[in-house]
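The values are calculated or read from the model by the stated rules, or taken from the named source; none is laboratory data. Because the structure is predicted, anything quoted here is derived from the model rather than measured. Reconstructed Cβ throughout: ideal geometry from the backbone, glycine too, with neighbour counts over all protein chains shown.
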Ligand SMILES: Nc1ncnc2c1ncn2[C@@H]1O[C@H](COP(=O)(O)OP(=O)(O)OP(=O)(O)O)[C@@H](O)[C@H]1O
Ligand SMILES: [Mg+2]
(Lines give C-alpha, C1' and ligand atoms only; values in the text may rest on other atoms or scores of the structure.)
(Ligands and ions follow the chains in the order given, each with its own letter.)
Protein backbone atom coordinates (compact mmCIF):
# COMPACT_ATOMS: atom_id res chain seq x y z
CA UNK A 1 0.00 0.00 0.00
CA UNK A 2 1.40 3.35 -1.01
CA UNK A 3 0.13 4.97 2.18
CA UNK A 4 2.23 2.59 4.18
CA UNK A 5 5.53 3.89 2.88
CA UNK A 6 6.37 6.32 5.59
CA UNK A 7 9.80 7.68 5.13
CA UNK A 8 8.52 11.05 6.26
CA UNK A 9 7.53 9.81 9.69
CA UNK A 10 9.81 9.43 12.67
CA UNK A 11 7.07 7.79 14.67
CA UNK A 12 3.59 6.39 14.14
CA UNK A 13 1.44 4.91 16.87
CA UNK A 14 -2.09 3.62 16.46
CA UNK A 15 -4.54 2.35 19.04
CA UNK A 16 -2.22 2.41 22.03
CA UNK A 17 -3.72 1.51 25.41
CA UNK A 18 -1.90 1.48 28.75
CA UNK A 19 -3.57 0.55 32.04
CA UNK A 20 -2.34 1.17 35.59
CA UNK A 21 -4.25 -0.60 38.32
CA UNK A 22 -7.46 -0.68 36.33
CA UNK A 23 -7.19 2.96 35.20
CA UNK A 24 -6.58 3.64 31.53
CA UNK A 25 -3.70 6.11 31.40
CA UNK A 26 -3.92 5.87 27.60
CA UNK A 27 -7.04 4.69 25.83
CA UNK A 28 -6.72 3.78 22.16
CA UNK A 29 -4.46 6.72 21.28
CA UNK A 30 -3.01 7.49 17.83
CA UNK A 31 0.07 9.68 17.59
CA UNK A 32 2.55 10.52 14.85
CA UNK A 33 5.54 12.77 14.34
CA UNK A 34 7.25 13.66 11.09
CA UNK A 35 11.02 13.88 10.70
CA UNK A 36 12.21 17.39 11.52
CA UNK A 37 8.86 18.36 12.96
CA UNK A 38 8.32 20.01 16.34
CA UNK A 39 5.15 18.38 17.58
CA UNK A 40 3.49 19.28 20.84
CA UNK A 41 1.70 16.82 23.06
CA UNK A 42 -0.80 18.81 25.09
CA UNK A 43 -3.20 17.94 27.87
CA UNK A 44 -3.99 18.36 31.51
CA UNK A 45 -1.98 16.87 34.37
CA UNK A 46 -2.37 13.12 34.39
CA UNK A 47 -3.81 12.86 30.85
CA UNK A 48 -1.06 10.44 29.82
CA UNK A 49 1.70 12.51 28.16
CA UNK A 50 4.62 11.07 30.11
CA UNK A 51 3.12 7.60 29.80
CA UNK A 52 3.10 7.89 26.02
CA UNK A 53 6.74 8.96 26.08
CA UNK A 54 7.61 6.01 28.29
CA UNK A 55 5.97 3.64 25.82
CA UNK A 56 8.01 4.93 22.90
CA UNK A 57 11.22 4.74 24.94
CA UNK A 58 10.54 1.22 26.13
CA UNK A 59 10.00 2.00 29.80
CA UNK A 60 6.44 0.69 29.67
CA UNK A 61 4.86 -1.90 27.43
CA UNK A 62 1.35 -1.01 26.24
CA UNK A 63 -1.49 -3.46 26.89
CA UNK A 64 -2.48 -3.15 23.27
CA UNK A 65 -1.16 -1.35 20.21
CA UNK A 66 -2.40 -1.68 16.63
CA UNK A 67 0.74 -0.11 15.21
CA UNK A 68 4.14 0.88 16.54
CA UNK A 69 6.42 2.20 13.86
CA UNK A 70 9.78 3.93 14.27
CA UNK A 71 11.42 5.50 11.24
CA UNK A 72 9.32 3.41 8.91
CA UNK A 73 9.98 0.12 10.65
CA UNK A 74 7.09 -1.75 12.24
CA UNK A 75 7.85 -3.12 15.69
CA UNK A 76 6.05 -5.53 17.98
CA UNK A 77 7.23 -3.65 21.05
CA UNK A 78 9.97 -1.20 21.93
CA UNK A 79 12.69 -1.97 24.45
CA UNK A 80 14.96 0.71 25.94
CA UNK A 81 17.95 -0.71 24.04
CA UNK A 82 16.04 -0.69 20.78
CA UNK A 83 14.82 2.85 21.35
CA UNK A 84 18.35 4.07 21.95
CA UNK A 85 19.74 2.18 18.97
CA UNK A 86 17.13 3.81 16.75
CA UNK A 87 18.02 7.28 17.96
CA UNK A 88 15.13 7.94 20.33
CA UNK A 89 16.07 10.12 23.30
CA UNK A 90 14.19 11.71 26.15
CA UNK A 91 14.74 14.65 28.36
CA UNK A 92 12.70 13.64 31.36
CA UNK A 93 10.50 15.92 33.40
CA UNK A 94 13.03 15.68 36.26
CA UNK A 95 16.07 15.65 33.89
CA UNK A 96 17.44 12.42 35.43
CA UNK A 97 21.01 13.70 35.61
CA UNK A 98 23.67 12.88 38.18
CA UNK A 99 24.44 15.82 40.48
CA UNK A 100 27.83 14.55 41.64
CA UNK A 101 29.19 13.80 38.21
CA UNK A 102 30.81 16.36 35.93
CA UNK A 103 29.16 17.98 32.95
CA UNK A 104 31.20 15.81 30.58
CA UNK A 105 30.35 12.60 32.44
CA UNK A 106 26.67 13.44 32.40
CA UNK A 107 26.70 14.16 28.68
CA UNK A 108 28.63 11.00 27.86
CA UNK A 109 26.89 8.89 30.46
CA UNK A 110 25.58 6.24 28.09
CA UNK A 111 29.07 5.63 26.71
CA UNK A 112 30.39 4.96 30.19
CA UNK A 113 27.72 2.47 31.17
CA UNK A 114 29.22 -0.98 31.63
CA UNK A 115 32.81 0.24 31.49
CA UNK A 116 35.13 -0.09 34.48
CA UNK A 117 36.32 3.26 35.84
CA UNK A 118 39.76 2.69 34.28
CA UNK A 119 38.20 1.85 30.94
CA UNK A 120 36.69 5.29 30.52
CA UNK A 121 38.41 7.37 27.86
CA UNK A 122 38.16 10.70 29.64
CA UNK A 123 39.89 12.79 27.02
CA UNK A 124 37.81 11.35 24.18
CA UNK A 125 34.66 11.73 26.20
CA UNK A 126 35.37 15.41 26.77
CA UNK A 127 36.10 16.03 23.12
CA UNK A 128 32.80 14.47 22.12
CA UNK A 129 30.88 16.31 24.83
CA UNK A 130 32.46 19.59 23.73
CA UNK A 131 31.48 18.91 20.13
CA UNK A 132 27.85 18.36 21.09
CA UNK A 133 27.77 21.55 23.16
CA UNK A 134 29.28 23.44 20.21
CA UNK A 135 26.50 22.10 18.00
CA UNK A 136 24.04 23.60 20.47
CA UNK A 137 25.98 26.85 20.51
CA UNK A 138 26.58 26.67 24.26
CA UNK A 139 29.75 26.91 26.35
CA UNK A 140 29.89 25.09 29.69
CA UNK A 141 32.76 24.06 31.95
CA UNK A 142 33.01 20.33 31.20
CA UNK A 143 34.73 19.60 34.50
CA UNK A 144 32.22 21.39 36.69
CA UNK A 145 30.07 19.10 38.84
CA UNK A 146 26.51 19.17 37.59
CA UNK A 147 25.19 20.34 40.95
CA UNK A 148 27.06 23.64 40.53
CA UNK A 149 25.02 24.46 37.40
CA UNK A 150 21.88 26.54 37.08
CA UNK A 151 18.76 24.65 36.14
CA UNK A 152 18.82 26.10 32.62
CA UNK A 153 22.37 24.84 32.15
CA UNK A 154 21.37 21.41 33.44
CA UNK A 155 18.65 21.43 30.83
CA UNK A 156 21.30 21.96 28.17
CA UNK A 157 23.35 19.09 29.59
CA UNK A 158 20.30 16.84 29.32
CA UNK A 159 19.81 17.88 25.68
CA UNK A 160 23.49 17.36 24.95
CA UNK A 161 23.26 13.87 26.39
CA UNK A 162 20.32 13.15 24.13
CA UNK A 163 22.32 14.31 21.12
CA UNK A 164 25.33 12.13 21.98
CA UNK A 165 23.17 9.23 20.88
CA UNK A 166 22.74 10.67 17.40
CA UNK A 167 19.15 11.24 18.37
CA UNK A 168 16.69 11.58 15.51
CA UNK A 169 13.61 11.74 17.71
CA UNK A 170 13.79 13.65 20.99
CA UNK A 171 11.04 13.86 23.58
CA UNK A 172 11.20 16.89 25.81
CA UNK A 173 8.93 16.51 28.82
CA UNK A 174 8.27 20.02 30.17
CA UNK A 175 11.76 21.31 29.35
CA UNK A 176 10.87 24.91 30.14
CA UNK A 177 9.00 24.39 33.42
CA UNK A 178 11.86 25.75 35.55
CA UNK A 179 13.24 28.22 33.04
CA UNK A 180 12.85 31.98 32.93
CA UNK A 181 11.70 33.76 29.80
CA UNK A 182 15.16 34.44 28.39
CA UNK A 183 16.35 30.91 29.12
CA UNK A 184 13.21 29.58 27.47
CA UNK A 185 13.90 31.70 24.39
CA UNK A 186 17.38 30.21 24.17
CA UNK A 187 16.01 26.68 24.55
CA UNK A 188 13.46 27.31 21.81
CA UNK A 189 16.33 28.45 19.57
CA UNK A 190 18.07 25.14 20.23
CA UNK A 191 14.87 23.27 19.40
CA UNK A 192 14.60 25.18 16.10
CA UNK A 193 18.21 24.35 15.29
CA UNK A 194 17.64 20.64 15.95
CA UNK A 195 14.49 20.66 13.90
CA UNK A 196 16.30 22.32 10.99
CA UNK A 197 18.85 19.48 11.22
CA UNK A 198 16.01 17.02 10.66
CA UNK A 199 15.59 15.91 14.28
CA UNK A 200 11.96 15.26 15.20
CA UNK A 201 10.96 16.79 18.52
CA UNK A 202 8.00 16.02 20.72
CA UNK A 203 7.55 18.93 23.04
CA UNK A 204 5.45 18.81 26.20
CA UNK A 205 4.64 22.04 27.98
CA UNK A 206 1.83 23.59 29.97
CA UNK A 207 2.80 27.05 28.71
CA UNK A 208 0.52 27.33 25.76
CA UNK A 209 2.12 30.47 24.35
CA UNK A 210 5.40 28.69 23.72
CA UNK A 211 3.63 25.60 22.41
CA UNK A 212 2.00 27.71 19.71
CA UNK A 213 5.30 29.46 19.03
CA UNK A 214 7.49 26.39 18.61
CA UNK A 215 5.31 23.54 17.34
CA UNK A 216 3.87 23.09 13.88
CA UNK A 217 1.25 20.58 15.03
CA UNK A 218 -0.28 19.75 18.36
CA UNK A 219 -1.91 16.54 19.54
CA UNK A 220 -4.42 17.17 22.32
CA UNK A 221 -5.15 14.41 24.82
CA UNK A 222 -7.83 14.45 27.51
CA UNK A 223 -8.14 11.76 30.18
CA UNK A 224 -6.03 9.34 28.20
CA UNK A 225 -8.04 9.77 25.00
CA UNK A 226 -7.10 11.50 21.80
CA UNK A 227 -9.02 14.74 21.25
CA UNK A 228 -7.43 15.51 17.90
CA UNK A 229 -4.37 16.65 15.95
CA UNK A 230 -4.26 20.29 14.88
CA UNK A 231 -1.95 22.63 13.02
CA UNK A 232 -0.80 25.42 15.35
CA UNK A 233 -1.18 27.97 12.59
CA UNK A 234 -4.28 29.98 13.42
CA UNK A 235 -4.71 28.28 16.80
CA UNK A 236 -5.20 30.46 19.89
CA UNK A 237 -4.26 29.73 23.48
CA UNK A 238 -7.89 29.92 24.51
CA UNK A 239 -8.86 27.34 21.87
CA UNK A 240 -6.03 24.99 22.81
CA UNK A 241 -6.93 25.29 26.50
CA UNK A 242 -10.49 24.45 25.58
CA UNK A 243 -9.40 21.37 23.62
CA UNK A 244 -7.34 20.18 26.58
CA UNK A 245 -9.89 20.78 29.30
CA UNK A 246 -13.21 20.63 27.51
CA UNK A 247 -14.23 24.09 28.63
CA UNK A 248 -13.31 27.69 27.92
CA UNK A 249 -11.03 29.31 30.50
CA UNK A 250 -11.17 33.03 30.85
CA UNK A 251 -8.60 35.19 32.58
CA UNK A 252 -9.85 38.30 34.27
CA UNK A 253 -8.58 40.71 36.88
CA UNK A 254 -9.85 39.72 40.32
CA UNK A 255 -8.48 42.66 42.30
CA UNK A 256 -11.50 44.30 43.87
CA UNK A 257 -11.90 47.58 45.66
CA UNK A 258 -12.37 46.60 49.24
CA UNK A 259 -11.14 47.81 52.58
CA UNK A 260 -7.98 46.00 53.40
CA UNK A 261 -7.87 44.11 56.67
CA UNK A 262 -5.32 44.66 59.44
CA UNK A 263 -1.64 44.49 58.59
CA UNK A 264 -0.37 40.92 58.88
CA UNK A 265 3.19 41.30 57.72
CA UNK A 266 5.47 44.26 57.48
CA UNK A 267 9.12 44.65 56.53
CA UNK A 268 10.99 47.95 56.86
CA UNK A 269 14.36 48.69 55.35
CA UNK A 270 15.10 44.98 55.05
CA UNK A 271 18.55 44.48 53.55
CA UNK A 272 20.75 41.52 52.83
CA UNK A 273 23.87 42.57 50.93
CA UNK A 274 24.10 41.41 47.29
CA UNK A 275 20.53 40.05 47.46
CA UNK A 276 18.05 42.80 48.36
CA UNK A 277 18.18 46.35 49.63
CA UNK A 278 15.91 48.52 51.70
CA UNK A 279 12.75 46.49 51.22
CA UNK A 280 9.57 48.03 52.60
CA UNK A 281 6.70 45.60 52.26
CA UNK A 282 3.27 45.55 53.86
CA UNK A 283 0.74 42.78 53.38
CA UNK A 284 -2.75 43.03 54.85
CA UNK A 285 -5.10 40.27 55.84
CA UNK A 286 -7.14 39.27 52.82
CA UNK A 287 -4.65 40.63 50.36
CA UNK A 288 -2.75 38.89 47.56
CA UNK A 289 0.41 40.81 46.74
CA UNK A 290 2.14 39.85 43.51
CA UNK A 291 5.92 40.11 43.24
CA UNK A 292 7.31 40.08 39.72
CA UNK A 293 10.74 40.67 38.25
CA UNK A 294 13.49 39.01 36.31
CA UNK A 295 15.59 36.17 37.61
CA UNK A 296 18.22 37.61 39.94
CA UNK A 297 15.90 40.42 41.04
CA UNK A 298 16.05 39.03 44.57
CA UNK A 299 12.50 37.78 44.98
CA UNK A 300 13.28 34.23 46.15
CA UNK A 301 16.11 35.57 48.33
CA UNK A 302 13.63 37.89 50.04
CA UNK A 303 11.23 34.98 50.56
CA UNK A 304 14.05 32.96 52.13
CA UNK A 305 14.73 35.70 54.66
CA UNK A 306 11.03 36.08 55.51
CA UNK A 307 10.97 32.30 56.04
CA UNK A 308 13.97 32.38 58.38
CA UNK A 309 16.17 30.40 56.00
CA UNK A 310 18.59 33.35 55.86
CA UNK A 311 19.00 36.40 58.07
CA UNK A 312 18.76 40.05 57.06
CA UNK A 313 21.78 42.24 57.77
CA UNK A 314 19.61 45.20 58.67
CA UNK A 315 15.98 46.29 58.78
CA UNK A 316 13.06 44.85 60.72
CA UNK A 317 10.06 42.60 60.23
CA UNK A 318 6.76 42.47 62.10
CA UNK A 319 4.09 39.82 62.19
CA UNK A 320 0.67 40.98 63.38
CA UNK A 321 2.26 44.01 65.00
CA UNK A 322 4.93 42.14 66.93
CA UNK A 323 8.65 41.98 66.13
CA UNK A 324 9.32 38.98 63.93
CA UNK A 325 12.81 37.59 63.46
CA UNK A 326 12.64 33.87 62.69
CA UNK A 327 15.77 31.89 63.50
CA UNK A 328 14.97 29.07 61.08
CA UNK A 329 12.29 27.86 58.71
CA UNK A 330 10.85 25.72 61.52
CA UNK A 331 10.59 28.81 63.65
CA UNK A 332 8.85 30.69 60.83
CA UNK A 333 6.37 27.86 60.32
CA UNK A 334 5.70 27.69 64.08
CA UNK A 335 4.91 31.41 64.00
CA UNK A 336 2.31 30.93 61.26
CA UNK A 337 4.09 31.18 57.92
CA UNK A 338 3.93 28.76 55.02
CA UNK A 339 6.11 28.60 51.95
CA UNK A 340 5.52 26.80 48.70
CA UNK A 341 9.03 26.90 47.31
CA UNK A 342 10.17 27.24 43.76
CA UNK A 343 12.02 23.92 43.75
CA UNK A 344 9.31 22.03 45.56
CA UNK A 345 9.66 18.84 43.57
CA UNK A 346 13.08 18.21 45.07
CA UNK A 347 12.40 19.72 48.46
CA UNK A 348 8.71 19.34 48.92
CA UNK A 349 7.97 15.63 48.68
CA UNK A 350 9.06 12.30 50.12
CA UNK A 351 8.92 10.23 46.94
CA UNK A 352 8.64 6.83 48.62
CA UNK A 353 5.88 7.85 51.02
CA UNK A 354 2.21 7.72 50.19
CA UNK A 355 0.18 10.54 48.71
CA UNK A 356 -1.78 10.78 51.96
CA UNK A 357 1.33 11.01 54.15
CA UNK A 358 2.87 13.66 51.93
CA UNK A 359 -0.24 15.81 52.05
CA UNK A 360 -0.73 15.38 55.78
CA UNK A 361 2.86 15.78 56.91
CA UNK A 362 2.68 19.49 57.68
CA UNK A 363 -0.50 19.21 59.77
CA UNK A 364 -0.10 15.93 61.61
CA UNK A 365 -0.92 17.54 64.96
CA UNK A 366 -4.35 18.60 63.73
CA UNK A 367 -5.16 15.00 62.78
CA UNK A 368 -4.72 13.52 66.24
CA UNK A 369 -7.65 11.83 67.90
CA UNK A 370 -8.43 11.79 71.64
CA UNK A 371 -5.71 9.24 72.34
CA UNK A 372 -2.94 11.19 70.65
CA UNK A 373 -2.79 8.94 67.58
CA UNK A 374 -3.38 10.01 64.00
CA UNK A 375 -7.06 9.56 63.25
CA UNK A 376 -7.40 7.70 59.93
CA UNK A 377 -10.82 9.24 59.40
CA UNK A 378 -9.52 12.78 59.84
CA UNK A 379 -6.62 12.04 57.53
CA UNK A 380 -8.96 10.62 54.89
CA UNK A 381 -11.20 13.69 55.10
CA UNK A 382 -8.20 15.96 54.67
CA UNK A 383 -6.97 14.10 51.60
CA UNK A 384 -10.31 13.67 49.89
CA UNK A 385 -11.06 17.35 50.53
CA UNK A 386 -7.90 18.52 48.79
CA UNK A 387 -8.14 15.98 46.00
CA UNK A 388 -11.52 17.44 45.17
CA UNK A 389 -10.63 21.11 45.60
CA UNK A 390 -7.46 20.96 43.50
CA UNK A 391 -8.70 18.28 41.10
CA UNK A 392 -5.75 16.05 41.96
CA UNK A 393 -5.77 12.93 39.84
CA UNK A 394 -4.80 10.01 42.07
CA UNK A 395 -5.43 6.29 42.31
CA UNK A 396 -5.64 5.60 46.05
CA UNK A 397 -4.37 7.94 48.78
CA UNK A 398 -2.15 5.16 50.11
CA UNK A 399 -0.28 4.80 46.79
CA UNK A 400 3.28 6.15 46.64
CA UNK A 401 3.52 9.77 45.57
CA UNK A 402 5.78 8.63 42.72
CA UNK A 403 2.76 7.06 40.98
CA UNK A 404 1.34 10.55 40.36
CA UNK A 405 1.97 12.56 37.22
CA UNK A 406 4.37 15.50 37.66
CA UNK A 407 1.69 18.16 37.83
CA UNK A 408 -0.38 16.20 40.28
CA UNK A 409 2.65 15.92 42.57
CA UNK A 410 2.83 19.72 42.48
CA UNK A 411 -0.74 19.92 43.64
CA UNK A 412 -0.01 17.64 46.59
CA UNK A 413 2.76 20.00 47.70
CA UNK A 414 0.36 22.90 47.47
CA UNK A 415 -2.28 21.01 49.44
CA UNK A 416 0.27 20.20 52.11
CA UNK A 417 1.00 23.87 52.76
CA UNK A 418 -2.50 25.18 52.28
CA UNK A 419 -3.66 22.74 54.95
CA UNK A 420 -1.53 24.51 57.55
CA UNK A 421 -3.91 27.51 57.51
CA UNK A 422 -1.06 30.00 57.86
CA UNK A 423 -1.23 33.74 58.59
CA UNK A 424 1.15 34.58 55.75
CA UNK A 425 1.42 32.27 52.78
CA UNK A 426 4.30 32.72 50.36
CA UNK A 427 3.81 31.08 46.98
CA UNK A 428 6.93 30.99 44.82
CA UNK A 429 6.02 30.11 41.21
CA UNK A 430 3.06 27.98 42.33
CA UNK A 431 1.90 26.93 38.89
CA UNK A 432 5.13 25.71 37.33
CA UNK A 433 4.28 22.41 35.62
CA UNK A 434 0.58 22.72 36.42
CA UNK A 435 -1.97 22.55 33.60
CA UNK A 436 -4.18 25.45 32.60
CA UNK A 437 -7.32 24.04 34.17
CA UNK A 438 -5.60 23.38 37.48
CA UNK A 439 -4.02 26.84 37.48
CA UNK A 440 -7.47 28.33 37.54
CA UNK A 441 -8.34 25.97 40.40
CA UNK A 442 -5.25 26.92 42.37
CA UNK A 443 -5.95 30.62 42.07
CA UNK A 444 -9.56 30.10 43.02
CA UNK A 445 -8.30 28.57 46.25
CA UNK A 446 -5.71 31.31 46.75
CA UNK A 447 -8.54 33.83 46.52
CA UNK A 448 -10.70 31.84 48.91
CA UNK A 449 -7.86 31.77 51.41
CA UNK A 450 -7.38 35.51 51.06
CA UNK A 451 -11.08 36.02 51.62
CA UNK A 452 -10.72 33.99 54.82
CA UNK A 453 -8.13 36.53 55.99
CA UNK A 454 -4.79 35.07 54.94
CA UNK A 455 -2.09 37.42 53.71
CA UNK A 456 -0.52 36.07 50.55
CA UNK A 457 2.70 36.89 48.72
CA UNK A 458 2.65 35.55 45.18
CA UNK A 459 6.05 35.38 43.48
CA UNK A 460 5.76 34.59 39.79
CA UNK A 461 7.63 34.84 36.50
CA UNK A 462 4.41 35.21 34.60
CA UNK A 463 3.21 38.77 34.59
CA UNK A 464 -0.27 37.71 33.52
CA UNK A 465 -0.53 35.43 36.52
CA UNK A 466 0.24 38.30 38.91
CA UNK A 467 -1.97 40.77 37.08
CA UNK A 468 -4.99 38.51 37.03
CA UNK A 469 -4.70 37.13 40.52
CA UNK A 470 -3.12 39.74 42.79
CA UNK A 471 -4.61 42.86 44.35
CA UNK A 472 -1.34 44.75 44.00
CA UNK A 473 1.70 43.93 41.91
CA UNK A 474 5.17 44.91 43.06
CA UNK A 475 8.02 45.08 40.61
CA UNK A 476 11.41 44.07 41.97
CA UNK A 477 14.66 44.74 40.12
CA UNK A 478 18.24 44.37 41.29
CA UNK A 479 17.23 43.76 44.85
CA UNK A 480 14.85 46.69 45.20
CA UNK A 481 11.11 47.13 44.91
CA UNK A 482 10.98 49.80 42.24
CA UNK A 483 7.27 50.11 41.47
CA UNK A 484 3.80 49.13 42.60
CA UNK A 485 1.00 48.57 40.09
CA UNK A 486 -2.73 48.30 40.43
CA UNK A 487 -4.00 45.51 38.13
CA UNK A 488 -7.24 47.40 37.61
CA UNK A 489 -5.48 50.36 36.04
CA UNK A 490 -2.34 48.83 34.51
CA UNK A 491 -2.40 46.54 31.51
CA UNK A 492 -0.38 43.36 31.16
CA UNK A 493 1.40 44.96 28.20
CA UNK A 494 2.45 47.98 30.26
CA UNK A 495 3.64 45.75 33.05
CA UNK A 496 5.61 43.50 30.71
CA UNK A 497 7.14 46.49 29.00
CA UNK A 498 8.34 47.80 32.37
CA UNK A 499 9.87 44.47 33.38
CA UNK A 500 11.49 43.44 30.15
CA UNK A 501 12.58 46.97 29.23
N1 LIG B 1 3.76 3.92 37.60
C2 LIG B 1 2.48 4.26 37.72
N3 LIG B 1 1.65 3.62 38.57
C4 LIG B 1 0.34 3.96 38.67
N5 LIG B 1 -0.23 4.95 37.98
C6 LIG B 1 0.54 5.65 37.13
C7 LIG B 1 1.94 5.36 36.96
N8 LIG B 1 2.45 6.22 36.04
C9 LIG B 1 1.42 7.01 35.68
N10 LIG B 1 0.27 6.67 36.31
C11 LIG B 1 -1.04 7.32 36.15
O12 LIG B 1 -1.31 7.43 34.75
C13 LIG B 1 -1.94 8.67 34.45
C14 LIG B 1 -1.13 9.41 33.41
O15 LIG B 1 0.08 9.87 34.01
P16 LIG B 1 1.19 10.67 33.19
O17 LIG B 1 2.39 10.76 34.06
O18 LIG B 1 1.36 10.06 31.85
O19 LIG B 1 0.51 12.11 33.05
P20 LIG B 1 1.05 13.42 32.32
O21 LIG B 1 0.10 13.70 31.20
O22 LIG B 1 2.47 13.29 32.02
O23 LIG B 1 0.78 14.54 33.44
P24 LIG B 1 1.66 15.83 33.93
O25 LIG B 1 1.30 16.97 33.05
O26 LIG B 1 1.13 16.09 35.31
O27 LIG B 1 3.10 15.45 33.93
C28 LIG B 1 -2.08 9.39 35.78
O29 LIG B 1 -3.37 9.16 36.27
C30 LIG B 1 -1.04 8.73 36.68
O31 LIG B 1 -1.40 8.81 38.03
MG1 LIG C 1 4.20 14.20 32.82
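Mind listing whichever residues of the range 418-430 are surrounded by fewer than 24 Cβ atoms within 10 Å (Cβ to Cβ), more than 16 Å from the chain's Cα centre (by Cα) and either on the phi > 0 side of the Ramachandran plot or modelled with pLDDT of 80 or more (or both)?
Once the filter is applied, which keeps residues that are surrounded by fewer than 24 Cβ atoms within 10 Å (Cβ to Cβ), more than 16 Å from the chain's Cα centre (by Cα) and either on the phi > 0 side of the Ramachandran plot or modelled with pLDDT of 80 or more (or both), the range 418-430 yields 421, 422, 423, 424.
Of the residues 88, 33, 56, which is buried (at least 18 other Cβ atoms within 10 Å of the Cβ), more than 16 Å from ligand 1 (Cβ to nearest atom), in the same structural domain as residue 235 (by TED's automatic domain parsing) and closer than 19 Å to residue 220 by Cα?
33
Confirm whether residue 458 is touching a residue at least 40 places away in the same chain (Cβ under 8 Å), more than 29 Å from residue 52 (Cβ to Cβ) and away from ligand 1 (no atom under 16 Å from the Cβ).
yes
Kindly provide the set of residues from the range 59-81 that are surrounded by fewer than 17 Cβ atoms within 10 Å (Cβ to Cβ) and in contact with a strand residue (DSSP E or B) (Cβ under 8 Å, 6 or more places away or on another chain), ordered by number.
Matches in the range 59-81: 63, 64, 66, 67, 72, 74, 75, 76, 77.
Condition first: within 15 Å of residue 428 (Cβ to Cβ) and in contact with a strand residue (DSSP E or B) (Cβ under 6 Å, 6 or more places away or on another chain). Now tell me which residues in the range 306-323 satisfy that.
307
For the range 196-214, give me each residue that is in contact with a strand residue (DSSP E or B) (Cβ under 9 Å, 6 or more places away or on another chain) and more than 16 Å from ligand 1 (Cβ to nearest atom).
199, 200, 201, 212, 214
Specify the residue that is farthest from residue 46 (Cα to Cα); the eligible residues are those in the range 382-398 that are more than 7 Å from ligand 1 (Cβ to nearest atom) and assigned to a loop (DSSP other than H, G, I, E, B).
The qualifying residue farthest from residue 46 (Cα to Cα) is 398.
(1) touching a helix residue (DSSP H, G or I) at 6+ places or on another chain (Cβ under 6 Å); (2) without any contact (Cβ under 8 Å) to a residue 40 or more places away in the chain: which one isn't true of residue 323, the others all being true?
(1)
What do you reckon, is residue 411 closer than 25 Å to residue 50 by Cα, part of a loop (DSSP other than H, G, I, E, B) and touching a helix residue (DSSP H, G or I) at 6+ places or on another chain (Cβ under 6 Å)?
So residue 411 fails the test.
Given the conditions (1) modelled with pLDDT of 90 or more; (2) in a helix (DSSP H, G or I); (3) over 23 Å from the mean Cα position of the chain (by Cα), report the number of the one that residue 198 does not fulfil.
(2)
Which residues, taken from the range 26-58, are near ligand 2 (Cβ under 10 Å from one of its atoms) and in contact (Cβ under 8 Å) with a residue 24 or more places away in the chain?
41, 43, 45, 46, 47, 48, 49, 50, 51, 52, 53
Looking only at residues in the range 366-381 that are in contact with a helix residue (DSSP H, G or I) (Cβ under 8 Å, 6 or more places away or on another chain) and in a loop (DSSP other than H, G, I, E, B), which one is nearest to residue 340 (Cα to Cα)?
Only one residue fits best here, namely 375.
Does any residue of the range 154-162 turn out to be farther than 28 Å from residue 34 by Cα, in contact (Cβ under 8 Å) with a residue 60 or more places away in the chain and more than 16 Å from ligand 2 (Cβ to nearest atom)?
For the range 154-162, residues farther than 28 Å from residue 34 by Cα, in contact (Cβ under 8 Å) with a residue 60 or more places away in the chain and more than 16 Å from ligand 2 (Cβ to nearest atom): absent.
Please go through the range 36-53 and pick out each residue that is in contact with a strand residue (DSSP E or B) (Cβ under 9 Å, 6 or more places away or on another chain) and within 11 Å of ligand 1 (Cβ to nearest atom).
Within the range 36-53, 41, 42, 43, 44, 46, 47, 48, 49, 50, 51, 52, 53 qualify.
Out of (1) away from ligand 1 (no atom under 16 Å from the Cβ); (2) buried (at least 18 other Cβ atoms within 10 Å of the Cβ); (3) under 20 Å from residue 349 (Cβ atoms), the odd one out for residue 404 is which?
Among (1) away from ligand 1 (no atom under 16 Å from the Cβ); (2) buried (at least 18 other Cβ atoms within 10 Å of the Cβ); (3) under 20 Å from residue 349 (Cβ atoms), the lone unmet condition for residue 404 is (1).
crowded, with 23+ Cβ neighbours inside 10 Å and outside any helix (DSSP H, G or I): is that true of residue 433 in this structure?
Here the answer is yes, as residue 433 does meet what is asked.
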